[in-house]
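The values are calculated or read from the model by the stated rules, or taken from the named source; none is laboratory data. From a predicted model like this one, the values you see are computed outputs, not experimental measurements. Here the Cβ positions follow ideal geometry from the backbone for every residue, glycine too, while neighbour counts run over all protein chains shown. Protein only, heavy atoms only, side chains kept; ligands, DNA and RNA dropped before computing areas. Shrake-Rupley method; radii C 1.70, N 1.55, O 1.52, S 1.80 Å.
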Amino acid sequence: VVSTQSTGSSGINAEYGDTLENCVCRKGYRTCLDIERPSEGCKDKNKVRYNTKECNEAEEYLSRRCNVMRKTKDIPDYYQMGPGTLKIPNSLFKDNRKRICDRLVSNNVPRGAVMLFEGGKQEQQYDTDRDIEFQQESYFMWLFGVMEADFLGAIDVDNSESILFMPRLPASYAVWMGELKTPEYFKKRYGVDRVHYTDEIVTILNQLRPSALLVMDGLNSDSKSHFQTPSFEGMDQFKVDTTTLYNEIADCRVQKSPGEMEIMRYVNEVSCEAHKEVMKMMKPGRMEYEGEATFKHYAYMKGGMRFVGYTCICASGNNAAVLHYGHAAEPNDKRVNDGDMLLFDMGAEYAGYTADITASFPANGRFTDNQKFVSTLA
């Protein structure tokens, strides 16, 4: 919520309810679109409000306004996709941070050590300006619950104090991507002790005077991919430990807390119901990908689960013998035949926690003797 005021020399009168989301630039002009309480001269939808000269100034002004649009009491202190979906309190991520700190202390990590983590980065598709749909790096999500890209996080091992470092975005970000949020917003939103900008990281770490920076560095035993160690300009000023943290936090994540178990139950319940919807609609003549589409639709619509935990495997007939069917070269594109067995391996994901469910059933609803024998053995 913002107060009503004028920019003065620019002649732009900003009324209550006039937010940046309501205005867009078109060919050097700014037009108003359905403003709740439009100012004088902008009462009609799509009426040109600012000329070319004023456009940039108006953009800067409205971007500044975005910084004060939300009151602290209106900021959620939990993760939830929408009504009816699971609400996850920030205390769950705080408990995760405390668990890894306690583990490190019990394993005699030197006093004064600070853990440093780098969240996922927003990337574009090849050489285009299309943003790849962002999904948070899993360790960072486990520790902080942060949904946005390009954050870093620090945790003081001695006292579990948590600090987020957010990107300093330009005013133009608000025009294309929405409200510019403040450090105060993210402090309340994610329940951390402090929030600073990423360009302040050296200053803040120097204030902490860490005996060592513990950073992630290791090889995933399944994918054989190497974890990307965080880096920033000025990191060479600090003593960096790359050997301690990876195995400790990986082992810590294996044991789930009661709160984590609740999330996993929720994800599995929704995924099971999604599988049932798939079983109801699949029949001979359908395409395999229709099963994938039905699963994703149900999980997102009913459970608020925007992502799946892995590529959906929707295999019919002989395709069921291919362990990781469904990839780009085999994109669930076979027509289902009468008499086919279907093997559908799909799991939805919520807040970084995923289900992994495989269901096998006959396409026509009737097992042959051989199908029933094999299914019973399995």
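Can you tell me how many residues in region 198-231 are closer than 16 Å to Leu152 by Cβ, free of Cβ contacts under 8 Å to residues at least 24 places away in the same chain and part of a strand (DSSP E or B)?
Looking only at that region, the number is 0.
For region 331-363, how many residues meet the condition of being over 29 Å from Met264 (Cβ atoms) and either out of contact with any Ser or Thr (no Cβ under 9 Å at 6 or more places or on another chain) or aromatic (Phe, Trp, Tyr) (or both)?
Within region 331-363, residues that are over 29 Å from Met264 (Cβ atoms) and either out of contact with any Ser or Thr (no Cβ under 9 Å at 6 or more places or on another chain) or aromatic (Phe, Trp, Tyr) (or both) number 2.
How many residues does region 280-325 contain that are out of contact with any helix residue (DSSP H, G or I) (no Cβ under 8 Å at 6 or more places or on another chain) and hydrophobic (A, V, I, L, M, F, W, C)?
Total meeting the criteria: 9.
I need the full set of residues from region 232-263 which are open to solvent by 50 Å² or more (accessible area, probe 1.4 Å), touching a residue at least 24 places away in the same chain (Cβ under 8 Å) and over 24 Å from Ser221 (Cβ atoms), in order please.
Glu233, Gln237, Lys239, Glu262
Quick check on my filter: what residues within region 138-162 are in a loop (DSSP other than H, G, I, E, B) and under 16 Å from Arg99 (Cα atoms)?
Gly145, Val157, Asp158, Asn159, Ser160, Glu161
Among all residue pairs at least 6 apart or on different chains, which show Cβ distances below 6 Å where the first residue, located in region 88-110, is assigned to a helix (DSSP H, G or I) and the second is aliphatic (A, V, I, L, M)?
Asn96/Leu143; Arg97/Leu143; Arg97/Ile155; Ile100/Ile249; Cys101/Val157; Leu104/Val157
Name every residue in region 166-184 that is open to solvent by 10 Å² or more (accessible area, probe 1.4 Å) and more than 23 Å from Gln207 (Cα to Cα), in order of residue number.
Leu169, Pro170, Ala171, Ser172, Tyr173, Val175, Trp176, Met177, Gly178, Glu179, Leu180, Lys181
Open to solvent by less than 60 Å² (accessible area, probe 1.4 Å), within 13 Å of Val114 (Cβ to Cβ) and in contact with a Lys or Arg (Cβ under 6 Å, 6 or more places away or on another chain) - does that describe any residue in region 197-208?
no
Can you tell me which residues in region 316-369 are polar (S, T, N, Q) and part of a loop (DSSP other than H, G, I, E, B)?
Asn332, Asn337, Asn364, Thr368 - these are the residues of region 316-369 that are polar (S, T, N, Q) and part of a loop (DSSP other than H, G, I, E, B).
Restricting to region 115-137, and then to whatever is touching a residue at least 24 places away in the same chain (Cβ under 8 Å) and surrounded by 14 or more Cβ atoms within 10 Å (Cβ to Cβ), can you tell me which residue is farthest from Ser211 (Cα to Cα)?
Only one residue fits best here, namely Gln135.
Give me the pairs, please: first residue somewhere in region 280-296 and over 11 Å from Ile313 (Cα atoms), second residue anywhere and among the basic types (Lys, Arg) and surrounded by fewer than 22 Cβ atoms within 10 Å (Cβ to Cβ), beta-carbon distance under 9 Å, and either six or more positions apart or on two chains.
That search, which allows pairs on different chains as well, returns Pro284/Arg335; Gly285/Arg335; Arg286/Arg335; Met287/Lys334; Met287/Arg335; Thr294/Lys280.
For (1) of a type outside the set (A, V, I, L, M); (2) surrounded by 22 or more Cβ atoms within 10 Å (Cβ to Cβ); (3) modelled with pLDDT under 95, each residue gets a yes or a no:
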{"position": "Asn318", "(1), (2), (3)": "yes, no, no"}
{"position": "Tyr325", "(1), (2), (3)": "yes, yes, no"}
{"position": "Gly339", "(1), (2), (3)": "yes, no, no"}
{"position": "Leu343", "(1), (2), (3)": "no, no, no"}
{"position": "Met346", "(1), (2), (3)": "no, yes, no"}
{"position": "Asp356", "(1), (2), (3)": "yes, no, no"}
{"position": "Ala359", "(1), (2), (3)": "no, no, no"}
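Among the numbered conditions (1) in contact with a Gly (Cβ under 9 Å, 6 or more places away or on another chain); (2) closer than 21 Å to Met177 by Cβ; (3) among the polar types (S, T, N, Q), tell me where Gln80 comes up short.
All conditions are met except number (2).
Give the residue that is surrounded by the most Cβ atoms within 10 Å (Cβ to Cβ), with candidates limited to residues of region 140-165 that are under 12 Å from the mean Cα position of the chain (by Cα), in contact (Cβ under 8 Å) with a residue 24 or more places away in the chain and closer than 24 Å to Val105 by Cβ.
Out of the qualifying residues, it is Phe144.
Name the residues in region 323-378 that are free of Cβ contacts under 8 Å to residues at least 40 places away in the same chain, closer than 19 Å to Tyr289 by Cβ and of a type in the set (A, V, I, L, M, F, W, C), would you?
Scanning region 323-378 gives Leu323, Ala328, Ala329, Met341, Leu343.
Could you count how many residues in region 215-249 are closer than 26 Å to Ile88 by Cβ and modelled with pLDDT of 95 or more?
Number of matching residues: 5.
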